[in-house]
Number of protein chains: 2
Amino acid sequence: MLAELSPPARAQRRAPSPDLIARLRQHFGERCSTSQAVLLQHGTDESAYAPQPPDAVVYVHSSEETAFVVQACARERVPLIGFGVGSSVEGHLLAVEGGVCVDFSQMNQVLAIRPGDLTATVQAGVTRGQLNAALAGTGFFFSVDPGADASIGGMVATAASGTNTVRYGTMRDNLVNLTVVTASGEVVRTASRARKSAAGYNLTQLYCGSEGTLGLITEATVRLHPHPEACAAAVVHFPSVRAAVDCVIESIQMGVPLARAEMLDALTLCAVNAHSRTTLSEHPTLFLEFSGSQAQIAEQSDTVREIAASHGGGDFAWAHLPEERSRLWTPRHHAYFACLQLKPGSRSLTTDACVPLSALAQCIEETQADLAEHGLLAPVFGHVGDGNFHCLVLVDPDSATENAAAEAFSQRLVQRALRHGGTCTGEHGVGLHKQHYLAEEHGAEGVALMRAVKQALDPHNLFNPGKVVAAAGPQHP
Amino acid sequence: MLAELSPPARAQRRAPSPDLIARLRQHFGERCSTSQAVLLQHGTDESAYAPQPPDAVVYVHSSEETAFVVQACARERVPLIGFGVGSSVEGHLLAVEGGVCVDFSQMNQVLAIRPGDLTATVQAGVTRGQLNAALAGTGFFFSVDPGADASIGGMVATAASGTNTVRYGTMRDNLVNLTVVTASGEVVRTASRARKSAAGYNLTQLYCGSEGTLGLITEATVRLHPHPEACAAAVVHFPSVRAAVDCVIESIQMGVPLARAEMLDALTLCAVNAHSRTTLSEHPTLFLEFSGSQAQIAEQSDTVREIAASHGGGDFAWAHLPEERSRLWTPRHHAYFACLQLKPGSRSLTTDACVPLSALAQCIEETQADLAEHGLLAPVFGHVGDGNFHCLVLVDPDSATENAAAEAFSQRLVQRALRHGGTCTGEHGVGLHKQHYLAEEHGAEGVALMRAVKQALDPHNLFNPGKVVAAAGPQHP
């Protein structure tokens, strides 16, 4: 692990006292661990940061148990860090001031499925895969699909999204209410189960995206969607990124309810061909999905085919049966790992810019020119319908020069996205890594408002300290 | 106006000094008014509360002018109350501690229309009608449609919704970012223009629904939707409220993207027949709208017709051309005024409960039984697809007994909605009138979190004091 990607000089460590550890052990028995392996696992996420282990890990089973841990830690002002499956990518989980990690993986009960309301209530540790398995046979599914089989609690905390967002929205759009444990150790439900409400400040959306810094999320009620009658997948190549992007935007403007719209750039296609021994055309390519009744799919695909043709799109490859669709989309599913193989032994610094739709093609073109100018190897793919794209900047993890060049590129990309009216992060969150971009994006006064909220709801900085709008000010990796 | 519907003993009045008034006059000239007629107009909303006029009204033209007013008032701790068109219904606008009303009606520029992004940016005083007029010919429209031609700023402040919500969502779902003026008189943009973001706390959704208590909303970027290719309206009668509600819920469960789904109960139909000299069947009735391509409309309406038949629904009356559709929906459009005529000279105490879909039929049935038991005259109609319904409790405005009975009913209704997992207000907001329900709905600790947020963002209680979570505690009308 790299010096460049260590957090700044660690703030004062606030380790639990032996008494507190004893108290947690007495209450939780084997479910309170201080084993080095367990601590290391819980101080590591998918980012390139060196691990920062907590001082203890507690596996909770309920909101009440979570409240017990919070009350116990609050007395000593010991930090609390929530943990789902550890799939966050910006250093969200690192215990930069030490403290107790609250692991929700055993809090994985699906508490209620309500087909009549199109909602389900789950404990925070339920993963999206577990929820969809529980929904099998009901005719409904949970739509939010980030890359990892993340926990619902973690997805709420980071305001996650994925390939389904263009049709069904992000985690924010699929949230009805939350149960959270506050700094005073109270269990609070943020809203009723009604589909809409105007009853006071929106606590649900305040906690969604708060990355565990305002309280611990223990339960969530989420929206469900009926399975569409049928699906069809299509793949089509374009002469340029701009042509591919414009095809998606025009389709959305025409009101076509695309189920998925992913773009892979030419370099990603090269990576896929090398990795999977395929012979796909090495051009910017759209992976599309249509859903609805057979008639709707036919109508939608006719419209999109016409739009694609007007932008120089090639022939559509189609798949209708589930296995065929899955096969057709394999290059998209394997893109991340295929890309890493472009430079064996590399790691990826993955960017997450998101811009207004009309600026997307221009922003990607400028970004590809920047990559070329600086000799960086970085496949680009994106959730085109959301204006969100990822560059996988491939670097030798042992090369300080390459890592610094990748970070400098990331900074230029963020500034470019902001110039285009966009954001530094569409779906990965802030964590440790993006804090120094927040003031550029929201202005000093916007960050001051966020800090005021943090101070109000967590006056002793118990919850995931050092993240999002850390009191100590911006942190550079 | 009634003693029962006056706010509680007025908190200490914080009137502007003569110096402050002089300063505002110097800056705004004729746009600063202290005329009694203007003050009275700005201290009155659509609620039954006695007017509470502010001490001055300032007509602002920009965020910077708004910031000037806030800075000037902040020095003297004088309250600031935002004003759009005055169509709020729960006492939101009443200057219970006096102060300066900031009128946004002259801040009515559509700043940008961006078809490529499917967004528009408007000043807060632009009404939904003005925005849609500006969008004529673009192929896009703004969907949120509360009863009044409200200002967008007011709709953001109250988290408004309307008949389009079942398809396009509430104001919350159609909001990209806001410009707000904070307690320190700074102009802050709450988010970028990207369609999604995970960059820090969700300030946009915190201000949406805050009813002017956290800052003044001066601009908003909202989502636009493409006009559907075609629309069709239908009206169908049912043997019971439950049958009508179940028809809508099953249609949503089947994935039918209903454009509108309004239910009028039998009493409302009686009122409509009496008012418009029509001979509609006096049964619970659904007013439906379908949209999309002709083929999609045909497909959707076949599905819904089948579901309706299985619930004893009668024949569908159809309309396809705009004028025909408007004529078919006339009873729905006139329902409010028709209902008031059921009891000439009456006013309506209008409730706003919203419950999970599966509980809606039961909740309405129990509510109608309650009305019958207490001899109250109250037509019921609702946005069935959202679980939201309104009872228009018709009372003699001069009868303290009738008003008290209506308020007691309202309280029972809220408690019933909460028992069914719902909320005291789906779309009207809290204002003065619903504050005493918030603790029941969110618990003391939930309200404490909201108060902490209020204290953090408005430490001197400048913005719309006495509303939502007034520092002084719950207020009963």
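Considering every residue within the range A:28-39, establish whether at least one is of a type outside the set (D, E, K, R) and farther than 22 Å from A:VAL96 by Cα. Yes: one or more hits. Only helices (runs of 4 or more DSSP H) whose full extent lies in the range B:295-362 are considered here, and none of them has at least 3 residues that are within 14 Å of chain A (Cβ to nearest Cβ) and crowded, with 20+ Cβ neighbours inside 10 Å.
Would you point out the residue of the range A:446-467, among those that are without any contact (Cβ under 8 Å) to a residue 60 or more places away in the chain and either more than 7 Å from chain B (Cβ to nearest Cβ) or among the small types (Gly, Ala, Ser) (or both), that is surrounded by the most Cβ atoms within 10 Å (Cβ to Cβ)? Step through it out loud before you land on a result.
The initial filter retains those residues of the range A:446-467 that are without any contact (Cβ under 8 Å) to a residue 60 or more places away in the chain, namely A:446-452, A:455-456.
Still in the list and also either more than 7 Å from chain B (Cβ to nearest Cβ) or among the small types (Gly, Ala, Ser) (or both): A:446-448, A:451-452, A:456.
Working: A:GLY446: 24, A:VAL447: 22, A:ALA448: 17, A:ARG451: 18, A:ALA452: 19, A:ALA456: 19.
The qualifying residue surrounded by the most Cβ atoms within 10 Å (Cβ to Cβ) is A:GLY446.
Looking at A:ALA160, A:ALA199, just one residue is in contact with an Asp or Glu (Cβ under 7 Å, 6 or more places away or on another chain), buried (at least 24 other Cβ atoms within 10 Å of the Cβ) and farther than 30 Å from A:ILE364 by Cα, and that residue is A:ALA199. Residues that are within 23 Å of A:GLY255 (Cβ to Cβ) and not β-branched (Val, Ile, Thr) were ranked within the range B:233-252; the one that is nearest to the other protein chains (Cβ to nearest Cβ) is B:SER251.
In summary, strands (runs of 3 or more DSSP E) completely within the range A:25-118 and bearing 2 or more residues that are more than 14 Å from chain B (Cβ to nearest Cβ) and surrounded by 24 or more Cβ atoms within 10 Å (Cβ to Cβ) occur at A:56-59, A:80-83, A:100-103. Please find, within the range A:167-190, the residue that is nearest to the other protein chains (Cβ to nearest Cβ) out of those that are assigned to a loop (DSSP other than H, G, I, E, B) and closer than 29 Å to A:ILE249 by Cα. Among them, the one singled out is A:THR170. Please indicate, with yes or no, whether at least one residue in the range B:67-80 is under 24 Å from the mean Cα position of the chain (by Cα) and closer than 28 Å to B:VAL188 by Cβ. Yes: the range B:67-80 contains one or more residues that are under 24 Å from the mean Cα position of the chain (by Cα) and closer than 28 Å to B:VAL188 by Cβ.
Take the conditions within 14 Å of chain B (Cβ to nearest Cβ), surrounded by fewer than 22 Cβ atoms within 10 Å (Cβ to Cβ) and among the hydroxyl-bearing types (Ser, Thr, Tyr) and apply them to A:SER281. Does it pass?
Working: within 14 Å of chain B (Cβ to nearest Cβ): no; surrounded by fewer than 22 Cβ atoms within 10 Å (Cβ to Cβ): yes; among the hydroxyl-bearing types (Ser, Thr, Tyr): yes.
In short, no.
Is it true that A:GLN123 is buried (at least 23 other Cβ atoms within 10 Å of the Cβ) and outside the structural domain of A:ALA456 (by the TED database)? Against the criterion (buried (at least 23 other Cβ atoms within 10 Å of the Cβ) and outside the structural domain of A:ALA456 (by the TED database)), A:GLN123 qualifies. Screening A:LEU394 against (1) over 22 Å from A:ALA159 (Cα atoms); (2) over 23 Å from the mean Cα position of the chain (by Cα); (3) modelled with pLDDT of 95 or more leaves a single unmet condition, (2).
Number of residues in the range A:122-140 that are closer than 15 Å to A:MET171 by Cβ and not small (Gly, Ala, Ser): the value is 6.
Taking the criterion of being in contact with a strand residue (DSSP E or B) (Cβ under 9 Å, 6 or more places away or on another chain), closer than 30 Å to A:GLU90 by Cβ and within 7 Å of chain B (Cβ to nearest Cβ), the only residue of the range A:209-232 that qualifies is A:SER210.
When each of B:ALA439, B:ALA417, B:ALA448, B:ALA470 is tested for being in contact with a strand residue (DSSP E or B) (Cβ under 9 Å, 6 or more places away or on another chain) and modelled with pLDDT under 95, the lone residue that passes is B:ALA470.
Looking at the range A:119-141 only, could you name the residues that are within 14 Å of another protein chain (Cβ to nearest Cβ) and either more than 11 Å from A:ARG223 (Cα to Cα) or touching a helix residue (DSSP H, G or I) at 6+ places or on another chain (Cβ under 6 Å) (or both)? Can you show your working first?
First, pick out the residues of the range A:119-141 that are within 14 Å of another protein chain (Cβ to nearest Cβ): A:119-121, A:135, A:138-141.
A:LEU135, A:THR138, A:GLY139, A:PHE141, listed by residue number.
Could you tell me whether A:GLY153 is touching a Phe, Trp or Tyr at 6+ places or on another chain (Cβ under 6 Å) and touching a residue at least 40 places away in the same chain (Cβ under 8 Å)? Yes; evaluated as a whole, the condition is true for this residue. Based on this model, can you work out whether A:ALA37 counts as of a type in the set (A, V, I, L, M) and free of Cβ contacts under 8 Å to residues at least 12 places away in the same chain? Yes, satisfied.
Can you name every residue in the range A:191-207 that is at the interface with another protein chain (Cβ under 7 Å from one of its Cβ atoms) and assigned to a loop (DSSP other than H, G, I, E, B)?
Taking the range A:191-207 and keeping what is at the interface with another protein chain (Cβ under 7 Å from one of its Cβ atoms), we get A:192-203, A:205-206.
Of everything in the range A:191-207, those that are at the interface with another protein chain (Cβ under 7 Å from one of its Cβ atoms) and assigned to a loop (DSSP other than H, G, I, E, B) turn out to be A:SER192, A:ARG193, A:ALA194, A:ARG195, A:LYS196, A:SER197, A:ALA198, A:ALA199, A:GLY200, A:TYR201, A:ASN202.
Quick grid of which residues meet (1) part of a helix (DSSP H, G or I); (2) within 13 Å of another protein chain (Cβ to nearest Cβ):
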residue: A:THR367; (1), (2): yes, no
residue: A:ALA372; (1), (2): yes, no
residue: A:ALA378; (1), (2): no, no
residue: A:VAL393; (1), (2): no, no
residue: A:PRO397; (1), (2): no, no
residue: A:ASN403; (1), (2): yes, no
residue: A:ALA444; (1), (2): yes, yes
residue: A:VAL469; (1), (2): no, yes
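A:VAL144 meets each of the listed conditions (1) at pLDDT 95 or above; (2) in a loop (DSSP other than H, G, I, E, B); (3) in contact with a Ser or Thr (Cβ under 8 Å, 6 or more places away or on another chain); (4) away from chain B (no Cβ under 14 Å) apart from (4).
Being under 26 Å from the mean Cα position of the chain (by Cα) and at pLDDT 95 or above is the requirement here; does B:ALA234 meet it? Judged against the criteria, B:ALA234 is a match.
Looking for something crowded, with 16+ Cβ neighbours inside 10 Å and among the charged types (D, E, K, R) - is there at least one such residue anywhere in the range A:387-400? No, the conditions are met nowhere in the range A:387-400.
Out of A:ALA439, A:ALA417, report the one residue that is within 12 Å of chain B (Cβ to nearest Cβ), surrounded by fewer than 21 Cβ atoms within 10 Å (Cβ to Cβ) and more than 29 Å from A:VAL70 (Cβ to Cβ).
Working: A:ALA417 fails: surrounded by fewer than 21 Cβ atoms within 10 Å (Cβ to Cβ).
The match here is A:ALA439.
The values are calculated or read from the model by the stated rules, or taken from the named source; none is laboratory data. Because the structure is a prediction, the values reported are computed rather than measured. Reconstructed Cβ throughout: ideal geometry from the backbone, glycine too, with neighbour counts over all protein chains shown.
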